[in-house]
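Accompanying notes for the structure given below.
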Amino acid sequence: MPLDANSVTLLKELSESFGPSGFEREPAAIFKKAGEKYADEVSSDKLGSVILRKRGTTESPRVLLAGHMDEVGFVITGVEKDSGYLTFSGLGGWFDQVLLGHRVTVRTRKEDVTGVIASKPPHLLAPEEREKVVKMDSMFIDIGAGSREAAEREFGVRVGDPVAPQSSFTPVRGGTVVMGKAFDDRIGVFVGLEVLRRLKAQKTSHPNTAFVAATVQEEVGLRGAQTVANVVQPDVAIALEVDIAGDVPGIRAQDAPSKIGRGPSILTFDASMIPNQAFKSFVIETAEKERIRHQLSVVTKGGTDAGKFQFSQAGCPSIVIGVPTRHIHSHSAVADLSDIDEAVKLVLALVKRLDGKTVESFTSV
């Protein structure tokens, strides 16, 4: 087991917590409770992100390590009068085909309610309808209410209530591989916490001040990244993320190079950011020197919080370190615990090396 039982339990707690974009208080509380005993200072921005500060031997450079704690989810848009079925819209990017038949949790003012995403029964579809993909706007959530009055009065449902996938955290393959929801990006949040824990437990000296953050609303526009960067004012930033694992049928290697079980990925570019090249080389060289398994990756059609971090102040050298993960933005993602552990080791090695002279060299001409 690459991570100890207590660490895996924390990852499980983060994964199973309820926290769609804009509704992240539950994972935020877990993050704060788990990290405050290792941090020198705890703060937050006014959007809901949480920041843990760990002093090193110098005040600067200021090193930001951040994962986003929001998950893709839904928001209730209406309640049908005669049936009590709930209409909904997505929070973050969903591929509609992964939704039907899955259970969800609707968080109302009264209680958490279990529902199932459904649509018109296939038995009643006309032949031409069977050939079409069912879109989200033709789906509904069935909570067993029977009427709008029951849904609103008995269950407490209101327009604007948040909805999250319902899925348990499950170890497989002898516990070395795990399945669950919200790996994007509770894995990144976990990596930050584990780095902070090891800095404290190992009494590791680092020539900087490290800020470990859990940001909000990444899935709807990298919003928490902007406010966190305003608060921290980092000199260098690392977005702790998942990466889209390409080891599934039908995927070309050049479209998704990383594979689970082969170490964390170092993102060479994505749709929101081309990393500082000197910083990228430094990360690769550090991984090689420390003999940490790693992969070079690309994401041509997506972005991360690093896309905002890079614009902090006059500009901030930024990069993404990801854990290859299959089936993100679904109820059941798959990741390898050894990749998570190797990501922690790489980030820890970087924190120990990011002194003022090194960081300054990233932007010197």
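Derivation of every value follows stated rules applied to the coordinates shown; laboratory data play no part. As the structure is a computational prediction, the values presented were derived from the model and not from experiment. Using ideal geometry, Cβ is built from the backbone for each residue, glycine included, and neighbour counts are taken over all protein chains shown.
Remark on the range 52-105: ratio of C-alpha radius of gyration to 2.2 N^0.38 Å is 2.03.
From most to least packed by mean Cβ count within 10 Å, the peptides 330-338, 210-218, 90-98 give 210-218, 330-338, 90-98. The angle between the Cα long axis of helix 223-232 and the main principal axis of the chain comes to about 30°, on a 0 to 90 degree scale. For the residue pairs K32/K200; K33/K110; K12/K33; K33/K200, the C-alpha atoms sit more than 21 angstrom apart in K33/K110.
Panel note: the C-alpha atoms of the chain, placed on their principal axes, show extents of 67, 42, 42 Å (largest first).
Close Lys pairs in the range 235-362 (alpha-carbon distance under 22 Å; sequence gap of 8 or more, or different chains): 13.
Computing Rg and the Kirkwood Rh from the Cα coordinates of the range 229-365 gives a ratio, Rg/Rh, of 0.97. So how tilted is helix 183-201 from the main axis of the chain? Cα-based, degrees 0 to 90, rounded to 10. Here the helix axis deviates by roughly 40 degrees. Give the longest segment of the chain that steers clear of trypsin sites (Lys or Arg not before Pro) in DSSP loops with at most 13 neighbouring Cβ atoms within 10 Å, not counting the sites themselves. For trypsin sites (Lys or Arg not before Pro) (loop position, at most 13 other Cβ atoms within 10 Å), the longest site-free span of the chain is 302-365. In the range 1-121, the alpha-carbon atoms span a convex hull of 180 Å³ per residue.
With semi-axes defined as the square roots of five times the eigenvalues of the C-alpha gyration tensor, the equivalent ellipsoid of the range 172-238 measures 25, 21, 7 Å, largest first. Taking the longest Cα principal axis of the chain as reference, the axis of helix 25-35 is set at about 30 degrees. Using the empirical formula 2.2 N^0.38 Å as the baseline, the Cα radius of gyration of the range 218-304 reaches a ratio of 1.18.
Cross-link partners for K120 among the lysines, with Cα-Cα distance under 20 Å and sequence neighbours closer than 8 places in the same chain left out: K81, K132, K135. For the range 77-154, run through the GluC sites (Glu not before Pro) and keep only the ones in DSSP coil with at most 14 other Cβ atoms within 10 Å of their Cβ. Counting only loop positions with at most 14 other Cβ atoms within 10 Å, the GluC sites (Glu not before Pro) in the range 77-154 are E80, E111, E131.
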